[in-house]
Amino acid sequence: MKKFLITAIIMMMMIVGYAQSSFYKVGDTIFYVNNRATYVKTSTLVVLKETNVGKNSNVFKVEKFLLDDSKNEYVLDSKFTTNGLQLLKANGDFVSYYKNGNKASEGKTVNGHKGKGIWSYYYENGKKKSEEKTSNESYFSDKTENLVMNFWDEKGQQTVIDGNGFAQFTNSEGLFEKGTYKNGLKNGLWTAFDGKVKKYEETYKKGKLSNGKSWNSAGDSFTYKEVNTSAYYRKKDNGAVRKYVDKNFNSNTAGIAGDIYVNFLVTQEGFVGQVNIIRGLTVDYNTEVKRVLSEMNGWTPAKKRGQPYNSTYSLNLRFTE
């Protein structure tokens, strides 16, 4: 693949920016994949509630909905202001919701990331669960860490005050998790149970995972140093995937320039499946991309607490004449 002309990219960005400010209107519905707009129906949609926010033609207030498969209907996920619609990037007040309509969290975002102010989290029954904030790991580092400043159990009793104390709760996986916070960070032994069955135990020091051990439904154990790791092909970046496509791509079609956005399944065994073209070029190019990716193997699968699982991988491929 040759490098695309910079002037063409700039012109495309100008066209997209103009289209956002003039084409969309209040009440429009836009579908998304990985927060990127697409022309096909997906499980994520956004309803445009206000345009020209703050007299800025590229800032919009939106409500985001996710498909609830059990009811086959879209339910409210969040409300926020976004800088642009082609790629959702929250900036300002952000509120998320449970499927029952109760508030799940609220706080301020900055350019698609959580701001450094206090974020409040709630139980599904509406009671406050915690107050948290992000902070730089050190003066010389741009990396941030999440600090749990205050925590309340499901009965409303506060058990963590000013970052110190003990917490126990049902986590997002439906497991009963418990452990201690020190200065807002996990510290010491944390465990999680499914009923009386232990599912994992992890040791933390100042918020950093030292080691962990998990068990699957068959009782097999897995050790790990990271809670979550993404799938990757040879190297932990998209470069290796793009080089593979470049090397194996064989199209007789000439004179085509543009981007192909694609996502696909990386199985827990390290194979590729379910290749989907989110935004493509010609039929020949789209078909060839699907063929090349489908024949890939040797992936390192995504892992959660040391256990491999099927995951979705997204990729942007750029073609030039």
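The values are calculated or read from the model by the stated rules, or taken from the named source; none is laboratory data. Remember, predicted model here, so these are calculated numbers, not experimental data. Using ideal geometry, Cβ is built from the backbone for each residue, glycine included, and neighbour counts are taken over all protein chains shown.
Report yes if PHE151 is among the hydrophobic types (A, V, I, L, M, F, W, C), farther than 30 Å from LEU315 by Cβ and either surrounded by 11 or more Cβ atoms within 10 Å (Cβ to Cβ) or in contact with a helix residue (DSSP H, G or I) (Cβ under 6 Å, 6 or more places away or on another chain) (or both), otherwise no.
yes
With respect to THR180, determine if the residue is of a type in the set (Ser, Thr, Tyr), at pLDDT 95 or above, more than 19 Å from ILE161 (Cα to Cα) and more than 24 Å from the chain's Cα centre (by Cα).
no
When the residues of region 168-185 are filtered to those that are touching a residue at least 24 places away in the same chain (Cβ under 8 Å) and farther than 23 Å from ALA218 by Cα, which remaining residue is surrounded by the most Cβ atoms within 10 Å (Cβ to Cβ)?
TYR181
Look through ALA192, ALA257 and report the one residue that is touching a Ser or Thr at 6+ places or on another chain (Cβ under 6 Å), over 21 Å from SER311 (Cα atoms) and of a type outside the set (S, T, N, Q).
ALA257
For ARG234, which of the numbered conditions (1) within 25 Å of the chain's Cα centre (by Cα); (2) surrounded by fewer than 18 Cβ atoms within 10 Å (Cβ to Cβ); (3) at pLDDT 95 or above; (4) not small (Gly, Ala, Ser) fails to hold?
Against the list (1) within 25 Å of the chain's Cα centre (by Cα); (2) surrounded by fewer than 18 Cβ atoms within 10 Å (Cβ to Cβ); (3) at pLDDT 95 or above; (4) not small (Gly, Ala, Ser), ARG234 comes up short only on (3).
Given the criteria surrounded by 13 or more Cβ atoms within 10 Å (Cβ to Cβ) and either in the same structural domain as THR191 (by TED's automatic domain parsing) or out of contact with any strand residue (DSSP E or B) (no Cβ under 6 Å at 6 or more places or on another chain) (or both), does ASP162 qualify?
No; evaluated as a whole, the condition is false for this residue.
A quick yes/no check of all residues on (1) touching a residue at least 40 places away in the same chain (Cβ under 8 Å); (2) under 21 Å from the mean Cα position of the chain (by Cα):
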position	(1), (2)
ARG242	yes, no
PHE271	no, no
ILE277	no, yes
SER294	no, no
TYR313	yes, yes
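For region 28-35, state whether one or more residues are of a type in the set (Phe, Trp, Tyr), farther than 24 Å from SER314 by Cα and touching a residue at least 12 places away in the same chain (Cβ under 8 Å).
No, because not a single residue in region 28-35 is of a type in the set (Phe, Trp, Tyr), farther than 24 Å from SER314 by Cα and touching a residue at least 12 places away in the same chain (Cβ under 8 Å).
Going residue by residue through region 210-231, is there one that turns out to be under 21 Å from ASN35 (Cα atoms), free of Cβ contacts under 8 Å to residues at least 60 places away in the same chain and not assigned by TED's automatic domain parsing to the domain that holds LYS41?
no
When the residues of region 189-207 are narrowed to those that are under 17 Å from LYS225 (Cβ atoms) and modelled with pLDDT of 95 or more, which ends up surrounded by the most Cβ atoms within 10 Å (Cβ to Cβ)?
Here the residue is TYR200.
All but one of (1) small (Gly, Ala, Ser); (2) closer than 30 Å to LEU48 by Cα; (3) in contact (Cβ under 8 Å) with a residue 12 or more places away in the chain hold for SER135, so report the exception by its number.
Unmet condition: (2).
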